[in-house]
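Undergrad: Would you mind keeping the following structure in view while I ask a few things?
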Amino acid sequence: MEGQEVSSKDEGHKMLPVDGPGWSYVNGVLHCDGMSLEDLRMSLKKDYGLQGSPAHIYSYSALVANVKKYTDALCPLGERGVLSYSLKANNNLRVLEALRQAGVNMATTVSGNEILMAMKAGFAATNIIYNGTGKRRWEVELAIKHGVLLNLDSEFDARLIAGVAREMGLRARCIVRLNPALNADTHPYLATALADSKFGVEFHQLERVLQVVRTGESGDVEHVIVEGVHIHVGSAVSRTQVFSDMTRVAARALREFPPQIRERGWPRASTINLGGGLNIRLSGVPGKNDERPATPEQLVGAILPLLPEGSTLLLEPGRSLVATAGSCAFTGVLMTEVLGVKTNGKRRFLVVDAAMTEVIRPALYGAHHPVTHVTIPACQEWAVMDVVGPVCESGDFLARRCMLSLSLSSGAALVVWATGAYCSSMASNYNLRPHAIEVIVKAPDLYTVVRRPENFEDLISCYL
Ligand code: LLP
């Protein structure tokens, strides 16, 4: 152990990484919506054996609280303030249903299968948006057939959509995605509106794109309805300044582009879709997260004065509904069990049963997800540890340099925080690991398994 960092001080690391509804420590045990996570894990073990861990746990009350933050913020706009949930953040069918029932009006999708999933969750097809840089014909056909709102991303996308609509003898509802050349000051992989990003059309290309759908090869105006514009600067955006810049650009789009679209023959173009992007806030995590990300209220407050009379504001958050943001609440954690402790060189490793297959974000973006104990140990000796999984990759870590109890041993439970967004939906079967079980907790004595764990048969079922 020589050279390793050991501490006997309480540094606050055993506490919740952020305050909010849904989660609390009661008598030293983490509770979700009043249910002890120790009780929950015993119950999952009883019903699912070893497949009961790791487990994605979602708090129903946190989810509802997050939706309310947005619906309250959009309230001044009445029916012209629309909340559309971005499915890519978490596409669990029951999570989608819960979001819809909690007040989410629309669903934002990026594939044909996400469109089908949103419809299965009860969203009316006309309340679904379909984004995408590379749409395939069957996906465009599906969207047009059901009246889904398509987000037009390029000239070739415009040609495809107009052509398919013409062939089908139907009208495609569209908005146009603009690339405002804005730096979202986020991880490079999460910035989507840089001048050289792959998304959207540059302002100077707009005219051309509108021309394509208006005249196409044979007068496609009959087959395309342009309803407005879309800007999404990126995800995990921490600096509120970025949102102000975005609002300024959006204001310009409001002033200039819908009238331009109107002049080209679509008199009802009035939708302004400002995408998603609010970052999560994790207290005690150094760096950008120390800065409080904008809340839905601040975001809408900044946009409202710039909205032209009669326009519809559409927001399509993902992360801030199912993870946490600004003043929003944690929705999901990943509960995992310790398999063993080992040391190599000066590093102490806590090997757990979860891995990069369940939480890819640390390996992919260098994201930090705090790890805490499910039961705060009596032992007051703490040490710095890397929490790693069983996957055969050195990049398989859930969190590095965490302060955790020296008393941890095989069988103890930990939680990885803020895993409600972009964890289950980005999971993989690498190393033939099954997709983890998912649970929504609603009350001290009420939880629902909303995704059963995969088994070996599931994993081999597609091999012919
Ligand atoms: N609208 C559009 C057009 C988007 O591209 C995205 C996310 C959203 C809305 C929702 O953004 P959110 O509110 O969730 O930030 N896998 C990455 C995140 C990729 C986000 C892609 N687009 C991660 O784990 O952080």
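Undergrad: Does Asp47 satisfy being in contact with a Ser or Thr (Cβ under 7 Å, 6 or more places away or on another chain) and surrounded by fewer than 23 Cβ atoms within 10 Å (Cβ to Cβ)? Break it down stepwise before answering.
TA: Numbers: in contact with a Ser or Thr (Cβ under 7 Å, 6 or more places away or on another chain): no; surrounded by fewer than 23 Cβ atoms within 10 Å (Cβ to Cβ): yes.
Considered against the rule, which asks whether it is in contact with a Ser or Thr (Cβ under 7 Å, 6 or more places away or on another chain) and surrounded by fewer than 23 Cβ atoms within 10 Å (Cβ to Cβ), Asp47 comes out as no.
Undergrad: Further question on the same structure: So Ser424 passes all but one of these: (1) in contact with a Ser or Thr (Cβ under 9 Å, 6 or more places away or on another chain); (2) farther than 20 Å from Lys342 by Cα. Which condition number does it fail?
TA: Failed condition: (1).
Undergrad: Something else: Working carefully through the options Ala158, Ala124, find the one that is under 22 Å from Gly276 (Cβ atoms), more than 20 Å from the chain's Cα centre (by Cα), outside the structural domain of Ser425 (by TED's automatic domain parsing) and away from the ligand (no atom under 16 Å from the Cβ).
TA: Ala124
Undergrad: All but one of (1) more than 16 Å from the ligand (Cβ to nearest atom); (2) over 16 Å from the mean Cα position of the chain (by Cα) hold for Val82; which doesn't?
TA: So Val82 meets the others, but not (1).
Undergrad: Please indicate, with yes or no, whether at least one residue in the range 23-33 is at pLDDT 95 or above and surrounded by fewer than 19 Cβ atoms within 10 Å (Cβ to Cβ).
TA: So far as the range 23-33 goes, no, none of its residues is at pLDDT 95 or above and surrounded by fewer than 19 Cβ atoms within 10 Å (Cβ to Cβ).
Undergrad: In addition: Identify, by number, the condition in (1) modelled with pLDDT under 95; (2) outside any loop (DSSP other than H, G, I, E, B); (3) in contact with a Gly (Cβ under 9 Å, 6 or more places away or on another chain); (4) of a type in the set (A, V, I, L, M) that Ala294 doesn't meet.
TA: (2)
Quick grid of which residues meet (1) within 16 Å of the ligand (Cβ to nearest atom); (2) modelled with pLDDT under 95; (3) not assigned by TED's automatic domain parsing to the domain that holds Leu96:
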site	(1), (2), (3)
Leu334	yes, no, yes
Val338	no, no, yes
Lys342	no, no, yes
Leu350	no, no, yes
Asp353	no, no, yes
Met356	yes, no, yes
Val359	yes, no, yes
Tyr365	yes, yes, yes
His369	yes, yes, yes
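Undergrad: Write out, first by first residue and then by second, each pair whose Cβ atoms fall under 9 Å of each other, whose residues are 6+ apart or on separate chains, and whose first residue, in the range 353-369, is under 17 Å from Asn429 (Cβ atoms) and open to solvent by less than 20 Å² (accessible area, probe 1.4 Å) while the second is in a helix (DSSP H, G or I) and among the aliphatic types (A, V, I, L, M).
TA: Qualifying pairs under 9 Å: Val359/Met426.
Matching residues to (1) more than 12 Å from Pro317 (Cβ to Cβ); (2) in a helix (DSSP H, G or I):
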residue	(1), (2)
Lys88	no, yes
Asn91	yes, no
Glu97	yes, yes
Arg100	yes, yes
Thr108	no, no
Leu116	yes, yes
Met119	yes, yes
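Undergrad: So Thr357 ticks every box in (1) under 30 Å from Ala294 (Cα atoms); (2) assigned to a loop (DSSP other than H, G, I, E, B); (3) among the hydroxyl-bearing types (Ser, Thr, Tyr) but one. Which box is left unticked?
TA: Status for Thr357: all satisfied but (1).
Undergrad: Only residues in the range 264-277 that are open to solvent by less than 30 Å² (accessible area, probe 1.4 Å) count as the first member; pair them with residues that are among the acidic types (Asp, Glu), Cβ under 7 angstrom, at least 6 apart or cross-chain, and list the lot.
TA: Ala269/Glu227; Thr271/Glu227; Asn273/Glu316; Gly275/Glu316; Gly276/Glu316
Undergrad: Hey, another quick one. Return the residues of the range 94-113 that are in contact (Cβ under 8 Å) with a residue 60 or more places away in the chain, closer than 21 Å to His56 by Cα and open to solvent by less than 30 Å² (accessible area, probe 1.4 Å); say none if nothing qualifies.
TA: Residues satisfying the conditions are Val95, Ala98, Leu99.
Undergrad: Examine the range 376-394 for a residue that is open to solvent by 50 Å² or more (accessible area, probe 1.4 Å), farther than 20 Å from Val29 by Cβ, within 16 Å of the ligand (Cβ to nearest atom) and modelled with pLDDT of 95 or more, and state whether such a residue exists.
TA: No, the range 376-394 contains no residue that is open to solvent by 50 Å² or more (accessible area, probe 1.4 Å), farther than 20 Å from Val29 by Cβ, within 16 Å of the ligand (Cβ to nearest atom) and modelled with pLDDT of 95 or more.
Undergrad: Has the range 400-415 got at least one residue that is within 16 Å of the ligand (Cβ to nearest atom), without any contact (Cβ under 8 Å) to a residue 40 or more places away in the chain, farther than 18 Å from Arg319 by Cβ and in contact with a Pro (Cβ under 9 Å, 6 or more places away or on another chain)? It would help to see each step written out before you state the result.
TA: As a first pass, look at the range 400-415 and keep what is within 16 Å of the ligand (Cβ to nearest atom): none.
Within the range 400-415 (the criterion being within 16 Å of the ligand (Cβ to nearest atom), without any contact (Cβ under 8 Å) to a residue 40 or more places away in the chain, farther than 18 Å from Arg319 by Cβ and in contact with a Pro (Cβ under 9 Å, 6 or more places away or on another chain)), the answer is no, since none of the residues qualifies.
The values are calculated or read from the model by the stated rules, or taken from the named source; none is laboratory data. These figures come from a predicted structure and were not determined experimentally. Here the Cβ is made from the backbone with ideal geometry for all residues, glycine too, and neighbour counts use every protein chain on show. Note: accessible area is taken over every heavy atom of the protein model, side chains too, but ligands, DNA and RNA are not part of it. Shrake-Rupley method; radii C 1.70, N 1.55, O 1.52, S 1.80 Å.
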